[in-house]
1. Let me check something: with ligands and nucleic acids excluded, how do TYR56, TYR179 order by accessible area (1.4 Å probe), largest to smallest?
2. Would you work out what percent of the accessible area of segment 52-217, with all protein chains in place, is carbon or sulfur (probe 1.4 Å)?
3. Under 29 Å Cα to Cα from LYS166, which lysines show up? Leave out anything in the same chain fewer than 8 places away.
4. Would you please report the Å³ per residue occupied by the convex hull of the alpha carbon atoms in segment 131-218?
5. Tell me the accessible surface of ILE97 in square angstrom (1.4 angstrom probe, heavy atoms of protein chains only), to the nearest ten.
6. On a 1.4 Å probe surface of the protein chains, which of TYR58, TYR154 comes out largest in accessible area, and what is the full order?
7. So, for segment 160-218, what is the accessible surface per residue at a probe of 1.4 Å, expressed in square angstrom?
8. Can you give me the pair-distance distribution of segment 52-217, C-alpha pairs, 10 Å bins, whole percents?
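The values are calculated or read from the model by the stated rules, or taken from the named source; none is laboratory data. These numbers come from a predicted model, not from an experiment. In this analysis, Cβ positions are derived from the backbone assuming ideal geometry, glycine residues included, and neighbour counts consider all displayed protein chains. Side chains included, ligands, DNA and RNA excluded: accessible areas come from the protein's heavy atoms. Shrake-Rupley method; radii C 1.70, N 1.55, O 1.52, S 1.80 Å.
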Amino acid sequence: MAYPGYGGGFGNFSIQVPGIQMGQPVPETGPAVLLDEYDGFPAFSDAYSSAGDSVYTYFSAVAGQDGELDAEELQRCLTQSGISGTYSPFSLETCRIMIAMLDRDYTGKLGFNEFKELWAALNAWKQNFMTVDQDGSGTVEHHELRQAIGLMGYRLSPRTITTIVKRYSKNGRIFFDDYVACCVKLRALTDFFRKRDHLQQGSVNFMYDDFLQGTMAI
C-alpha cells in the first residue's frame with residue numbers, strides 16, 4: 001500500500017538511504033518503516049573528538065555549560081555558521097520549532113547529537129530549495145513547492161499543498177526561512193502521526209490531549 005504522506009530521504013534524516021545523494025528524488029519503496037529513534041543518543045561530552053569537525057566547532061562555540069542550545073543560542077549558532085548562505089538568517093520562531101522537532105528528552109534545548117541531525121536536515125533542505133528554485137529568485141512558488149515536497153518523499157493532495165502555500169507564502173512566494181519552517185513542521189507532524197499509526201494504514205484515533213501535545217509543541 002502506498003502510504004500518502006510518509007517522507008523519504010528528506011522527511012526522515014535518521015534513516016540513510018544507500019545510493020541516494022542529497023537533492024535527488026528517493027525511489028518509491030512503499031510504506032516507510034518507523035524506527036524507534038528516541039533512545040540511544042549519547043549525551044554531550046567534552047571528550048568528543050572535534051578534530052576536523054566544523055559542526056562541533058559551531059556548536060561548542062555557542063553551547064552553554066550544560067552542553068545544549070536553547071532557541072536563542074541555536075539562532076546565533078546557525079547565523080554564525082553561515083548555513084543560510086545568501087538567504088536571510090533563521091528567525092527565532094523557526095529555531096524554536098527546529099528544537100521541538102528533535103527535542104527527544106524534552107529539555108527545550110538541543111544536545112550535540114540532535115544538533116548534528118538538524119545540521120544534516122538543514123543542508124538537505126537547502127540543497128532541495130536551490131534545486132527547485134529554477135529561476136534563481138531566492139523563493140519558491142506553488143509549483144516549485146509541490147516539486148520540493150515530492151522530492152522529500154511526501155505524497156500530499158493538491159488541496160494540502162495549497163493550504164501549505166497559503167500558510168507560508170508572502171504574495172505567493174515562499175522564502176527560505178519559511179520554507180525550512182514548513183519542512184520542520186511537515187516532518188515533525190508526520191513523525192507524530194506515524195508513531196501512532198501502528199498498522200501503517202494512514203488512520204489514527206487521537207485523544208484530544210495527545211493531539212494538543214503533539215501539535216502545540218510545533
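1. On the way: TYR56 25, TYR179 0 Å².
Result of the area sort, largest leading: TYR56, TYR179.
2. Numbers: 4240 of 8240 Å².
The value for segment 52-217 is 51 percent carbon and sulfur by accessible area.
3. Correct list for LYS166: LYS126, LYS185, LYS195.
4. Working: hull volume 9.1 nm³, N = 88.
For segment 131-218, the hull spanned by Cα atoms encloses 103 Å³ per residue.
5. 10
6. On the way: TYR58 70, TYR154 10 Å².
These residues rank, largest area first, as TYR58, TYR154.
7. With all protein chains present, segment 160-218 gives 58 Å² per residue.
8. With a bin width of 10 Å, the distribution comes to 9, 36, 35, 18, 2.
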